[in-house]
Amino acid sequence: MSEFCNRRTGNRASVLEKKLSKFFILITLISFTSIVALADNGGDSVWTTDVAVDTLWVLIAGMLVFFMNAGFGCVEAGFCRAKNAVNILGKNFVVFGISSIAFWIVGWAIMFGDGNSFMGTTGWFVGGADNSPVTGEAYVGIFNSINWTGVPLFAKFFFQLVFAGTAATIVSGCVAERIHYKSYMVFTVVLVAISYPITGHWIWGGGWLANLKQPMWDFAGSTVVHSVGGWAGLAGIILLGPRLGKYRDDGSVSPIPGHSMALAFLGGMILWLGWFGFNPGSTMGISGLGAKAVAHIVVTTNLSCAAGLLTATIVSWIVLGKPDFSMTVNGALAGLVAITAPCAFVNAIPSVIIGIIAGILVVFSVLFFDRIRIDDPVGALSVHLTNGIWGTLAIGLFATKAAPGGIDVDGLFNGGGVGLLVSQFIGVVAVGAFTFVLALIVWTIIKAIPGFGLRVDQEGETTGLDISEMGMEAYPSENPVG
């Protein structure tokens with residue numbers, strides 16, 4: 001009897017298990033169907049896995065670009081004298097704090113807010129209507145120029161912020177070893193809050209350069225970021241004048257060597273790594289076909305860098321008699337700056353050509369600026385200005401519709417005629433003229449403000465800015481206890 005009861009109980013359990021299994025399968029199917037329906041009907045379904053993946057990519061890429069501040073600080077400090085190291089590191093540290101606040105309050109709105117062809121006029125404090133990550137015609141908001149990327153508004157803001165900070169950091173290298181700390185800080189506010197966003201709006205914010213009959217293109221910022229920093233720095237150099245002892249009475253150059261090639265090496269490697277966020281991250285998405293574009297840009301970026309550093313090494317070896325390591329580092333950076341604009345629009349072989357030309361340009365550009373007594377302590381003008389211009393023009397020569405960047409016209413060497421090259425040239429001239437003139441005005445005003453001025457006095461420059469401006473030394477000769 002007990003055996004019979006056990007069999008009956010077992011049979012009932014088996015039947016119950018089968019019914020429960022069917023029930024759970026049904027619930028699963030209903031749940032899956034509901035999710036699909038939500039995805040098709042909008043609402044919270046815009047927050048898909050693709051959005052999460054794209055957002056993660058954009059934020060990580062932005063963090064890589066943020067870490068480039070460390071690279072710039074190391075390169076600049078290494079190429080300059082030990083007595084100014086704290087001052088240089090301080091500028092490269094504080095610049096991102098200033099940029100964060102200035103771009104949040106004003107800069108973002110001017111650059112990406114809806115407005116007119118000259119500047120944006122909406123979105124102060126990154127506020128206002130915005131239903132990102134919805135894109136295209138479904139987008140509702142006041143930042144229409146950047147509604148093409150399906151990531152949240154604050155992800156867009158953070159990524160663009162680190163670019164703004166980069167432009168300001170470039171200026172630091174140009175004016176190193178003789179500028180007042182506070183004067184540089186004031187200039188940074190104006191650059192990041194007003195100057196950089198206005199010209200950025202022209203190209204990336206739906207402004208007039210983006211709406212030419214043949215639009216100007218700049219994928220990741222050879223002009224928007226690098227040339228702007230270079231033009232602003234050039235204006236500062238002109239008003240500051242050269243460092244004491246840089247040029248002899250007969251006009252010849254008296255080299256002022258940097259104090260740490262180890263720091264320069266480390267900084268160069270950090271920047272090389274950071275550029276894999278700078279250029280590929282400008283896709284602002286990696287899901288779907290975005291993955292193909294990211295991989296393409298990583299390769300073109302790396303090839304141009306490699307070609308630039310090798311060419312600069314060889315050229316400096318021939319011209320200067322030795323393979324100048326500072327030229328090697330700047331050659332790598334020149335190749336990276338030059339490929340920044342065309343990285344998504346050119347294929348591998350043109351990227352190498354672009355890097356080769358960048359490596360040649362950076363060497364002769366450094367020599368040229370010294371010849372005309374433009375004292376650029378770290379070669380920032382030759383890296384960012386000269387090669388920012390070259391990289392922007394290179395789009396007009398080498399761009400191809402076959403590349404994954406989405407450009408709709410071929411460059412001159414691919415049978416596209418001169419139209420694109422002309423637009424690129426117009427953009428270079430317009431952005432350069434506006435930035436340089438505005439920077440001259442701002443530097444001049446700062447110079448005239450009582451208690452500010454631009455240049456430290458002769459005693460402070462001779463002693464070093466670490467003591468005169470910062471009140472400490474990077475490498476104290478004595479370390480008293482107590």
- Assuming VAL409 fulfils every condition listed in (1) out of contact with any Phe, Trp or Tyr (no Cβ under 7 Å at 6 or more places or on another chain); (2) not in a loop (DSSP other than H, G, I, E, B) apart from one, which condition is it? (2)
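Considering only residues that are over 22 Å from the mean Cα position of the chain (by Cα) and of a type outside the set (Ser, Thr, Tyr), which ones fall in segment 101-117?
The initial filter retains those residues of segment 101-117 that are over 22 Å from the mean Cα position of the chain (by Cα), namely 114-117.
Listed by number, the residues that qualify are ASP114, GLY115, ASN116.
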- Looking for whichever is in a helix (DSSP H, G or I), open to solvent by 10 Å² or more (accessible area, probe 1.4 Å) and in contact (Cβ under 8 Å) with a residue 40 or more places away in the chain here; the options are ILE170, ILE203. Which one fits? ILE203
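Can you tell me which residue is farthest from ILE349 (Cα to Cα) among those in segment 412-452 that are part of a loop (DSSP other than H, G, I, E, B) and touching a helix residue (DSSP H, G or I) at 6+ places or on another chain (Cβ under 9 Å)? Break it down into steps so the answer makes sense when it comes.
Taking segment 412-452 first, the residues part of a loop (DSSP other than H, G, I, E, B) are 415-418, 449-452.
Now drop any that are not touching a helix residue (DSSP H, G or I) at 6+ places or on another chain (Cβ under 9 Å), which leaves 416, 418, 449, 451-452.
Values: GLY416: 18, VAL418: 21, ILE449: 51, GLY451: 54, PHE452: 50 Å.
Checking each candidate, the answer is GLY451.
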- Some residue of segment 284-301 being crowded, with 24+ Cβ neighbours inside 10 Å, in a helix (DSSP H, G or I) and within 16 Å of the chain's Cα centre (by Cα): yes
- Message: Please pick out the residue among LEU367, LEU381 that is part of a helix (DSSP H, G or I), within 21 Å of ALA334 (Cα to Cα), in contact (Cβ under 8 Å) with a residue 40 or more places away in the chain and open to solvent by 20 Å² or more (accessible area, probe 1.4 Å).
- Response: LEU367
- Message: What's the total number of residues in segment 449-466 that are open to solvent by 80 Å² or more (accessible area, probe 1.4 Å) and modelled with pLDDT of 95 or more?
- Response: 4
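Taking GLY406, is it open to solvent by 40 Å² or more (accessible area, probe 1.4 Å), modelled with pLDDT under 95, farther than 20 Å from ILE179 by Cα and not β-branched (Val, Ile, Thr)?
On the way: open to solvent by 40 Å² or more (accessible area, probe 1.4 Å): yes; modelled with pLDDT under 95: yes; farther than 20 Å from ILE179 by Cα: yes; not β-branched (Val, Ile, Thr): yes.
Against the criterion (open to solvent by 40 Å² or more (accessible area, probe 1.4 Å), modelled with pLDDT under 95, farther than 20 Å from ILE179 by Cα and not β-branched (Val, Ile, Thr)), GLY406 qualifies.
Considering only segment 423-431, I want to know if a residue exists there that is at pLDDT 95 or above and farther than 19 Å from GLY230 by Cβ. Steps first, answer last, please.
Filtering segment 423-431 down to residues at pLDDT 95 or above leaves 423-431.
Pick out the ones that are also farther than 19 Å from GLY230 by Cβ and you get 423.
Yes, segment 423-431 contains at least one residue that is at pLDDT 95 or above and farther than 19 Å from GLY230 by Cβ.
Going through VAL186, VAL190, VAL162 one at a time, which residue ends up being in a helix (DSSP H, G or I) and either crowded, with 24+ Cβ neighbours inside 10 Å or at positive phi (or both)?
Values: VAL186 fails: either crowded, with 24+ Cβ neighbours inside 10 Å or at positive phi (or both); VAL190 fails: either crowded, with 24+ Cβ neighbours inside 10 Å or at positive phi (or both).
When all the criteria are applied, what remains is VAL162.
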- Task: Kindly list the number of the only condition in (1) under 23 Å from ASP410 (Cα atoms); (2) among the hydrophobic types (A, V, I, L, M, F, W, C); (3) surrounded by fewer than 19 Cβ atoms within 10 Å (Cβ to Cβ) that fails for VAL224.
- Result: (3)
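The values are calculated or read from the model by the stated rules, or taken from the named source; none is laboratory data. Everything quoted here is computed from the prediction, not taken from an experiment. Ideal geometry is used to build each Cβ from the backbone, glycine not excepted, and the neighbour counts take in all protein chains shown. When the accessible area is computed, the model is the full protein with side chains, heavy atoms only, and any ligands, DNA or RNA have been set aside. Shrake-Rupley method; radii C 1.70, N 1.55, O 1.52, S 1.80 Å.
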